[in-house]
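Single-structure report; data block below.
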Amino acid sequence: MSCMQGSRVRTTEELKLENSNSQRGKPHMRELVAVAIISASVLGLELALMRTLSISRWHHFAYLVVGLALLGFGASGTWLGFFTPRLLPHFSRWSRGLTLGLALSITLFYRLAETLPLNMRYMLYSGEQVFYLFCYQVLIFLPFLLAGVLIGLTLMRFSSSVHLVYGANLLGSGAGPIFALGLMAYLPPARLIQAAAVMVWAAVFLWRSELRGFWRRQGVPLFVGLLITVEIVLLSVPMSLDPHKMLAELQRWQQQGDAQHLITRNGPRGRLDVFSSPRLHYTLFAGLTATAPPPPQSLLLADGDIAGPIFRIEDAAEAGILDHTPMSVAYRLLPGARVLLLGETSGINVWLARRFSAAKITVVLENPQILELFRSSLTDIEGRGFKGGDLEVHVASPRHYLEYAKEHFDIIQVVGTEGMAAGVSSLLSLHENYLLTVEGMARCLEHLSDRGLISITRGLQSPPRDNIKILATLVEALEKIGVQKTTKHIAQLRNHLAVCTLVGRQPFRSKQVREVVDISDRLWLDIDTLSGFDPGSREPFNRLIGPAEVKGSYYQLAANKIFSSGREEFFENWAYHIRPATDDRPYFFDFFRWRSLPRFIQSHGHLWFQRLELGYAVLVISFGQIVTVALLLLLLPLFFWARHSGSPAGGSLGLLYFLLIGLGFLALEMSLMQRFTLLMGDPLLSAAVVLSGFLFFSGCGSLCSQKWVSSPLRAILVAGFGIALVAPLVLVLSQSLLGLVSGWNTTGRFLFTLSLLAPLAFLMGWPFPAGMTLLEQWSPGLLPWAWGINGFASVAAAPLAVILAMSLGFRMVLGLAVTSYLAAVVLAKIVGWSKR
């Protein structure tokens, strides 16, 4: 409706009609649109906060803060449980007021949060930092609380049309991530927070108002819009960088005149920065035999962390220092090779391949923003590493490329592992990696030529775990493709910085063994495992601490155990989780073991938390926080409310129904999101397609549920058993058709994924509105609490699903999600909702 139409004085008949519709609980279309816009804005806000905090802090911190903030939807049930009777008679006033409050709070509270001098590294040692963290979380929490109250209040207001309001909520939530990802190509993440505020502000004009006259109805919203405009135009967007991030360090260099900031690019994949400085001398893992300094270079950062150095050179002759890295061993064994670089980011390994006259170099680059950067803004300055007739570049995830590629290669270098080990900061422990699984390494072996080698290099750590897990993964991958004597196919060498593991599809011949030994002598590399060579036959170049009862390093001990019949016992007894990752549990960088925690604390004393696998720790802390806050803000108030106002028999079972469907929905969504990462070939695309597809088709299911099935109880039964049948079928089809679909273009894979998800998601939109309809007939006072408990379950399911997937696998998570829906069906039958 235009402003001129909105200013028209409504007739008595129109007011009576509106009042009649409201009493029957039928929302106007524009109110449903307002719900959709607010829902889309809140999902966009969530993504914007996670991106912003991943840049300014760490992605673990973003997970912790936003995970707790989303509990605002659960806590809104408590607010509504106590205050709904007071709010509903003035719904039009409160809907507009809450919308304006939400729009203002989004930017205001973010600004206040960023002013706090928060330093997570001192959290265990400073009560002041604990207080700052509490304040930070509260400030991020409040906008989500307001959004939960607003949407929940709308559900209560139109309780007989829950399927319409809930459907609009899901449709808007499905559109939110798509719009946010689209805007990320043009706006920095912090500006997306402001964009979310503007969208929420615009929705205020869609709510009905009891006030007459244009200025009485629209004056306050227009004034709030003016405030938001002033804030956007005149004030810079705050972003308080963690002082320990490399981006903060380079900015300090820049202020001192020691570095130059060349470029910044923002996009859906993250923020890219390039700095140039004479103080930069990164040549990862160069050994002690290197005598020449590294060439002039710049540094590429992704989300404030190091992505890789960029050599500012014209010719491979200037990259001689790369000859002294462990990565050069494979190239020395196979000069003139056809090379596949999986996960290259800055072009360093392109120069390495050219140093040894590679016949052809195929680069698989996961982030298209990096390639665009090198081929546009940096093409005349730093982009020579990605130029040349010998080069072929594919933008894809490494594992997805292996699923559709037909070529075979002499050297497959897994570049993505070439960093220092995960043990200290565990920045990768929550990341799924489908390349470093048994199945992923088996696909690498299948793409090797007869003489080919896989080369994987990773930094040393103490106690060792990453490189032991790499060795175990390669051994089981060889066994998967039918190799029996795996020890003849693997060599593992190291200098004082890193371990290089080589594996061939064919056994190492005697000549190759001699070549490896000769190369190790020239580069001062120690050999921990190589068939036909005794590591104890010479003095080590780089002596490492080893077990007291065995001569040699822990890497030699691990190799002996992994190649023996005592492999399983070794996996069980090692202090870290080193069992190979699989496609069902693709968490290669997860090394945490609960039973090793006491020994860990004893070994590291008061520094134990800083040395812990922080990714998993943050995940557990996040889940613990959510449960604690839910107990304080939801369950305890519900207990006192029930005692004061009385609750019908079976009320707790009725609320348990909403807990189960909330857990089931998110668990199914997250487990399939990870499975479809393989099919889509891109974690970002997979998240966008699955999240938006689930929410969109669930919204369609909610809108159609009352038309398709007249009885709410029957809708619950049909949906529950339908989900139990369709969910396993979706999983089986996604796995069995992976090889066929991987070669399709992005549009084809997108449509195929949606076609698999649509029937399942459509059914998943039925149980909530059907349950709310039954609950409204049976005990209307429980409606706000059902909304809150469902919101709590949805938030808690996210970290819980990852914890279970890391321990049990995604198949088990999917099975538990289906069980939750079936248990909800049983509860719906026995709780007696049909009895008044």
Query - Output for segment 275-300, where each listed residue is hydrophobic (A, V, I, L, M, F, W, C) and either in contact with an Asp or Glu (Cβ under 7 Å, 6 or more places away or on another chain) or on the phi > 0 side of the Ramachandran plot (or both) - result: 284, 285
Query raised in the report: Is there a residue being open to solvent by 80 Å² or more (accessible area, probe 1.4 Å), at pLDDT below 85 and under 23 Å from residue 547 (Cα atoms) anywhere in segment 565-582?
Result: no
Report task. Determine which single condition residue 317 fails, assuming it passes every other condition in (1) open to solvent by less than 50 Å² (accessible area, probe 1.4 Å); (2) in a helix (DSSP H, G or I). Result -> (1)
Query raised in the report: Restricting segment 545-559 to residues that are open to solvent by 20 Å² or more (accessible area, probe 1.4 Å) and either in contact (Cβ under 8 Å) with a residue 12 or more places away in the chain or in contact with a Lys or Arg (Cβ under 6 Å, 6 or more places away or on another chain) (or both), which is farthest from residue 433 (Cα to Cα)?
Result: 551
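If you check residue 655 against the conditions, is it touching a helix residue (DSSP H, G or I) at 6+ places or on another chain (Cβ under 9 Å), under 18 Å from residue 768 (Cβ atoms) and either at pLDDT 80 or above or not aromatic (Phe, Trp, Tyr) (or both)? If you could, list the steps in order and put the result at the bottom.
Numbers: touching a helix residue (DSSP H, G or I) at 6+ places or on another chain (Cβ under 9 Å): yes; under 18 Å from residue 768 (Cβ atoms): yes; either at pLDDT 80 or above or not aromatic (Phe, Trp, Tyr) (or both): yes.
Yes, satisfied.
How many residues, within segment 261-309, are of a type in the set (A, V, I, L, M) and either over 18 Å from residue 251 (Cβ atoms) or over 23 Å from the mean Cα position of the chain (by Cα) (or both)?
10
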Query raised in the report: Of the residues 161, 92, 105, which single one is within 29 Å of the chain's Cα centre (by Cα) and either assigned to a helix (DSSP H, G or I) or without any contact (Cβ under 8 Å) to a residue 24 or more places away in the chain (or both)?
Result: 105
Query raised in the report: Considering only helices (runs of 4 or more DSSP H) fully contained in segment 678-771, which possess at least 3 residues that are open to solvent by 40 Å² or more (accessible area, probe 1.4 Å)?
Result: 683-708, 712-736, 746-764
Query - Unique match (being of a type outside the set (A, V, I, L, M), surrounded by fewer than 22 Cβ atoms within 10 Å (Cβ to Cβ) and more than 27 Å from residue 210 (Cα to Cα)) among 111, 86, 93 - result: 111
**Report entry** residue 816 vs. criteria assigned to a helix (DSSP H, G or I), over 17 Å from residue 686 (Cβ atoms) and at pLDDT 90 or above
**Finding:** yes
**Report entry** The listed residue being part of a loop (DSSP other than H, G, I, E, B), more than 22 Å from residue 270 (Cβ to Cβ) and either modelled with pLDDT of 85 or more or not aromatic (Phe, Trp, Tyr) (or both), out of 26, 16
**Finding:** 26
Query raised in the report: Any idea which residue in segment 323-344 is farthest from residue 385 (Cα to Cα), counting only those that are part of a helix (DSSP H, G or I) and open to solvent by 10 Å² or more (accessible area, probe 1.4 Å)?
Result: 333
**Report entry** When residues of segment 528-544 are limited to those that are open to solvent by less than 40 Å² (accessible area, probe 1.4 Å) and in a helix (DSSP H, G or I), the one modelled with the highest pLDDT
**Finding:** 535
Query raised in the report: Restricting the first residue to segment 653-666 and requiring it to be open to solvent by 30 Å² or more (accessible area, probe 1.4 Å), which pairs with a second residue that is among the charged types (D, E, K, R) and part of a helix (DSSP H, G or I) meet a Cβ separation below 8 Å and a spacing of at least six or different chains?
Result: none
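The values are calculated or read from the model by the stated rules, or taken from the named source; none is laboratory data. Keep in mind the model is a prediction, meaning the values are calculated, not measured. A quick note on method: Cβ atoms are made from the backbone with ideal geometry, for glycine too, and the neighbour counts reach across all protein chains shown. Note: accessible area is taken over every heavy atom of the protein model, side chains too, but ligands, DNA and RNA are not part of it. Shrake-Rupley method; radii C 1.70, N 1.55, O 1.52, S 1.80 Å.
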